[in-house]
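Here the structure is laid out as structure tokens; the discussion comes afterwards.
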Amino acid sequence: MADENMGENTQEDEIDLSALGDDDLVAQMHDDLYDGLADEIAEGTEILLERGWGAQRTLNEALVEGMRIVGIDFRDGILFVPEVLMSANAMKAGMAILQPLLIASNTPRMGKIVVGTVKGDIHDIGKNLVAMMMEGAGFEVVDLGINQSVEDFLAALEKHQPDILGMSALLTTTMPYMKVVIDTLAEKGLRNDYIVLVGGAPLNEEFSIAIGADAYCRDAASAVETAVEQMSHRRGALAALGD
Ligand code: B1M
């Protein structure tokens with residue numbers, strides 16, 4: 001008897017994501033993100049989009065919120081690096097589907113940004129989201145990736161001549177490196193050539209002022225807003241100089 005039931009139990013364990021209502025599906029996606037199930041996250045993302053959810057809502061409510069929950073258990077020692085890497089991988093599977101939708105093809109060019117995660121830091125999900133949203137808002141984005149030294153940033157600024165330098169740091173031990181980059185720009189007389197925006201979970205506005213950045217960006221949406229604002233100030237100031 002026991003043997004006969006075993007197959008049934010396995011089938012019952014398989015959840016049909018498309019049969020779930022929106023709230024249950026989102027809750028299930030939080031669980032799947034927690035368990036690092038990339039295929040299920042991709043499937044859930046597609047289902048929400050098919051049901052008319054916008055890319056931004058899907059990103060915020062299903063993916064970013066799921067990652068926030070992962071972060072709490074990581075902090076509390078319930079999840080460890082290998083598990084969180086799998087969650088990050090699952091998050092990226094969802095983001096890959098949303099990326100083209102967040103990037104409108106016909107938006108006018110707003111400016112150019114070079115963005116990277118600072119030296120010693122390999123967190124890239126938040127930075128990738130910022131890059132994606134900036135691109136969606138019409139910025140040309142050069143994404144340098146993770147673990148970027150001051151030399152890497154300087155070389156990229158020289159090569160790409162952006163309007164904005166964006167730096168990301170997720171660790172309290174790596175956030176001071178942003179000041180190293182800004183101080184080096186100042187020493188070389190380059191600081192005023194770029195708008196410097198910084199972001200990452202442990203930062204705040206006070207820190208950004210203390211290190212001499214132009215602005216702190218709480219999240220990807222505020223990074224876009226701030227970039228647009230700063231670009232319009234910069235263009236205004238340049239126009240005034242021309243008068
Ligand atoms: Co790490 N990790 N991690 N981790 N990790 C944190 C950051 C931590 C807060 C977890 C915790 O304890 N609760 C903690 C830092 C504690 C501290 O410093 N105070 C921590 C730690 C300790 C570590 C290790 C040291 C763990 C270890 O090895 N013992 C290690 C360090 C490795 C290193 O970098 N050298 C480590 C490793 C990892 C993984 C590799 C396993 C993985 C990263 C995978 C990857 O990114 N590819 C990982 C993850 C996933 C996290 C958490 C769980 C999630 C981060 C994330 O992706 N959030 C994180 C906990 C948390 O933050 N709640 C944690 C989602 C993302 C959308 O948000 O990154 O904040 P966020 O980005 C936002 C904003 O901050 C802002 O916009 C983004 C989008 O809205 N923003 C910017 C970010 N960058 C910006 C740049 C801008 C503008 C806005 O420029 C203009």
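Things to note:
- Every condition in (1) of a type outside the set (Asp, Glu); (2) within 13 Å of the ligand (Cβ to nearest atom); (3) modelled with pLDDT of 95 or more is met by Leu154 except one, and the failing one is (2).
- Of the residues making up the range 147-170, those that are surrounded by 18 or more Cβ atoms within 10 Å (Cβ to Cβ) and of a type outside the set (D, E, K, R) are Gln148, Phe153, Ala156, Leu157, Pro162, Ile164, Leu165, Gly166, Met167, Ser168, Ala169, Leu170.
- Unmet criterion (only one of (1) surrounded by 13 or more Cβ atoms within 10 Å (Cβ to Cβ); (2) outside any strand (DSSP E or B); (3) touching a residue at least 40 places away in the same chain (Cβ under 8 Å)) for Thr173: (1)
- When every residue of the range 181-189 is checked against the conditions, at least one turns out to be assigned to a loop (DSSP other than H, G, I, E, B) and among the small types (Gly, Ala, Ser).
- Residue tally, condition near the ligand (Cβ under 10 Å from one of its atoms), aliphatic (A, V, I, L, M) and over 19 Å from Gln148 (Cα atoms), over the range 192-234: 6
- Among the candidates Val196, Val228, residue that is in a strand (DSSP E or B) and on the phi < 0 side of the Ramachandran plot: Val196
- Look at (1) modelled with pLDDT of 95 or more; (2) in a helix (DSSP H, G or I) and you find that Asn147 fails only one, number (2).
- Among the helices (runs of 4 or more DSSP H) confined to the range 63-139, the ones with at least 3 residues that are near the ligand (Cβ under 9 Å from one of its atoms) and touching a residue at least 40 places away in the same chain (Cβ under 8 Å) are located at 81-102, 125-136.
- Condition check for Ala215: under 16 Å from the mean Cα position of the chain (by Cα), surrounded by 16 or more Cβ atoms within 10 Å (Cβ to Cβ) and aliphatic (A, V, I, L, M): no
The values are calculated or read from the model by the stated rules, or taken from the named source; none is laboratory data. Everything quoted here is computed from the prediction, not taken from an experiment. So basically every Cβ, Gly included, is an ideal-geometry build from the backbone, and we count neighbours across all protein chains shown.
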